[in-house]
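The values are calculated or read from the model by the stated rules, or taken from the named source; none is laboratory data. Everything numeric in this text was worked out from a predicted model, so none of it was measured. In this analysis, Cβ positions are derived from the backbone assuming ideal geometry, glycine residues included, and neighbour counts consider all displayed protein chains.
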Amino acid sequence: MKVAIIGGGVIGLCCAYYLNKEGYEVTVIDRNDITYGCSFGNMGYISPSHFIPLASPGIIRQGLKWMLSSSSPFYIKPRLNRDLILWAMAFRRNASEEKLQENIPHLNNLLQLSRQLMNDLKNEFHDSFDMIEKGCWTLYKNSKTGDHEKHLAEQAAKLGVKTEIYDAQQVQAYEPEVEVNIAGGILWLDDCHLDPAKFMKALHSYLQNKGVKFLLSTEVKGFERMNGAINSIITNNEKIRSDEIIIANGSWMPGIASLAGIHLLMQPGKGYSVVYENLEKNLHHPSILIEERTAMTPIDRWLRIGGTMELSGHSPAILPKRVMAIYEAVKKYFPALDILQPQPEKAWYGYRPVTPDGLPYIGRHSKYSNLTFAGGHAMLGLSAAAATGRLVNEIISHQSTSIDISAFDPERFR
Ligand SMILES: Cc1cc2nc3c(=O)[nH]c(=O)nc-3n(C[C@H](O)[C@H](O)[C@H](O)COP(=O)(O)OP(=O)(O)OC[C@H]3O[C@@H](n4cnc5c(N)ncnc54)[C@H](O)[C@@H]3O)c2cc1C
């Protein structure tokens, strides 16, 4: 049976991995060369620690405060856009305590499953993407944030997520090369990290060797439908017949969905990252700087810093103040870290695919007998990619799914 996957980001490639293993004839279609999407320059975290979905109580108040500052970690470009308004209204409805408590176990199950599957991938790929299993810091500068983080660690324990709580001196002992300027930190022991570009390249060459067909520089332009099914994908180059179609094109998903007559709520959440090489002194663990919503990923002498969430549509404009804010945040926590001010125009940026509740879309759509969605993981696409791939294979193969996927229903905001 033929399966076509639209989108060669980490979600598309992980779907291809599990479908190919099951014996399907898989084709991945991408309008670029797989290096363009959000999956290449992200922070590389695989984070069971992130079991709180993006839509949560307090986020709207905090977001409104942040919007008043041009260098804050969050920004919505004010504009009269129907989809943005519908998305914001749905986000607001989902940011309730009740909805949060309902959604946490589902996100936790997805992240835990993915974390386990990453161990299998690490073995199968002979560790070729350098997955480092040291945990991840959340570091805080004030005690109020510390109390919040400790409360989170208590919640985490109930979900089986392991943490250790340290004061500033103890964190410093774990980070002997760079002076820390913090009040304390929590080490999330189950988290791990990797270089996402290496992971993507490893998946790509593995899949090519296994016979997965890649149609790159090929843009999907439409669908041919008949009797409640999509029987062909129309691209700028050719018409592709397929028995099953998976839409996995990240933050561009609403555009493709609309070609199939489906309205989907999603916003691109732009984020930036900057890379430093050959650092003499570096961190030993990835670190999230909580008050500043900034992340740092060290791999040996290499360091990536990144953050911000900009809801400004798909726009190539780089806002220099927000890139500089990432650098300045790092300097507040690690004042002696020897890194140069970034050149904003050289920063990498990617668009997180953000749904109104912070949960992905994974599942079939009832409009067609052969259409499945896989995406909308916001800041957790890499963390949840392996599990998403496994679940999509189970859906296509009519197997019972490894975890309950009802909360990921792509039609839940209809
Ligand atoms: C700064 C930053 C840091 C992040 N850090 C992390 C992290 O540490 N851990 C984590 O888990 N997540 C992280 N994320 C989020 C993560 O990167 C995304 O969730 C993930 O990459 C989304 O993957 P995807 O495959 O859904 O989409 P993408 O990687 O965006 O891939 C979509 C693909 O679809 C293709 N496409 C689009 N339209 C078409 C079309 N019409 N026809 C054909 N092809 C098409 C695109 O070319 C693209 O290759 C981060 C994101 C940002 C911005």
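Results for (1) aliphatic (A, V, I, L, M); (2) surrounded by fewer than 22 Cβ atoms within 10 Å (Cβ to Cβ); (3) within 12 Å of the ligand (Cβ to nearest atom); (4) within 19 Å of the chain's Cα centre (by Cα), shown as yes or no for each residue.
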position: S312; (1), (2), (3), (4): no, yes, no, yes
position: L319; (1), (2), (3), (4): yes, yes, no, no
position: G375; (1), (2), (3), (4): no, no, yes, yes
position: A378; (1), (2), (3), (4): yes, no, yes, yes
position: A384; (1), (2), (3), (4): yes, no, yes, yes
position: A387; (1), (2), (3), (4): yes, no, yes, yes
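Looking across the stretch 270-296 at every residue that is among the basic types (K, R) and in contact with a strand residue (DSSP E or B) (Cβ under 7 Å, 6 or more places away or on another chain), the one that is farthest from T355 (Cα to Cα) is identified as R293. Condition check: surrounded by fewer than 20 Cβ atoms within 10 Å (Cβ to Cβ) and within 22 Å of G271 (Cβ to Cβ). Does Q343 satisfy that? So Q343 passes the test. Within the option set G307, G313, being assigned to a loop (DSSP other than H, G, I, E, B) and on the phi > 0 side of the Ramachandran plot holds for one residue only, G313. If you filter the stretch 396-414 down to residues that are under 15 Å from L110 (Cα atoms) and not small (G, A, S), you find that the one that is surrounded by the fewest Cβ atoms within 10 Å (Cβ to Cβ) is D404. Among the conditions (1) out of contact with any Ser or Thr (no Cβ under 9 Å at 6 or more places or on another chain); (2) free of Cβ contacts under 8 Å to residues at least 60 places away in the same chain; (3) in a helix (DSSP H, G or I), the only one that I395 does not satisfy is (1). Of all residue pairs spaced 6 or more apart or on separate chains, none has beta-carbon atoms under 6 Å together with a first member in the stretch 191-216 that is without any contact (Cβ under 8 Å) to a residue 40 or more places away in the chain and a second member that is outside any loop (DSSP other than H, G, I, E, B) and within 11 Å of the ligand (Cβ to nearest atom).
Select from the stretch 171-190 the residues that are in contact (Cβ under 8 Å) with a residue 12 or more places away in the chain and out of contact with any Gly (no Cβ under 6 Å at 6 or more places or on another chain) and list them in ascending order. Write out each step before concluding.
Let us first name the residues in the stretch 171-190 that are in contact (Cβ under 8 Å) with a residue 12 or more places away in the chain, namely 171, 174-190.
Selection gives Y174, E175, P176, E177, V178, E179, V180, N181, I182, G185, I186, D190.
Among the residues of the stretch 233-248, the ones that are in contact with a Lys or Arg (Cβ under 8 Å, 6 or more places away or on another chain), away from the ligand (no atom under 11 Å from the Cβ) and not in a strand (DSSP E or B) come to 2 in all.
Of everything in the stretch 355-373 that's surrounded by 24 or more Cβ atoms within 10 Å (Cβ to Cβ) and among the aliphatic types (A, V, I, L, M), which residue is farthest from the chain's Cα centre (by Cα)? It comes out as I362. Once the stretch 207-227 is narrowed to residues that are touching a helix residue (DSSP H, G or I) at 6+ places or on another chain (Cβ under 8 Å) and part of a loop (DSSP other than H, G, I, E, B), the residue that is farthest from the ligand (Cβ to nearest atom) is G211. Which of the residues spanning the stretch 249-267 are over 12 Å from P410 (Cα atoms), near the ligand (Cβ under 10 Å from one of its atoms) and not polar (S, T, N, Q)? G250, W252, G255, I256, L259, listed by residue number.
Would it be correct to say that H365 is away from the ligand (no atom under 11 Å from the Cβ), farther than 30 Å from Y140 by Cβ, touching a residue at least 40 places away in the same chain (Cβ under 8 Å) and of a type outside the set (A, V, I, L, M)?
On the way: away from the ligand (no atom under 11 Å from the Cβ): yes; farther than 30 Å from Y140 by Cβ: yes; touching a residue at least 40 places away in the same chain (Cβ under 8 Å): yes; of a type outside the set (A, V, I, L, M): yes.
Answer is yes for this residue.
Of everything in the stretch 20-76 that's of a type in the set (K, R) and modelled with pLDDT under 85, which residue is nearest to the ligand (Cβ to nearest atom)? Restricting to residues being of a type in the set (K, R) and modelled with pLDDT under 85, the top hit is K65.
Here I230 meets each of (1) touching an Asp or Glu at 6+ places or on another chain (Cβ under 8 Å); (2) away from the ligand (no atom under 11 Å from the Cβ); (3) part of a loop (DSSP other than H, G, I, E, B); (4) more than 23 Å from P344 (Cα to Cα) with one exception, condition (3).
Criterion applied to D357, D338 was being away from the ligand (no atom under 16 Å from the Cβ), assigned to a loop (DSSP other than H, G, I, E, B) and either within 30 Å of I405 (Cα to Cα) or touching an Asp or Glu at 6+ places or on another chain (Cβ under 9 Å) (or both), and the one residue passing it is D338.
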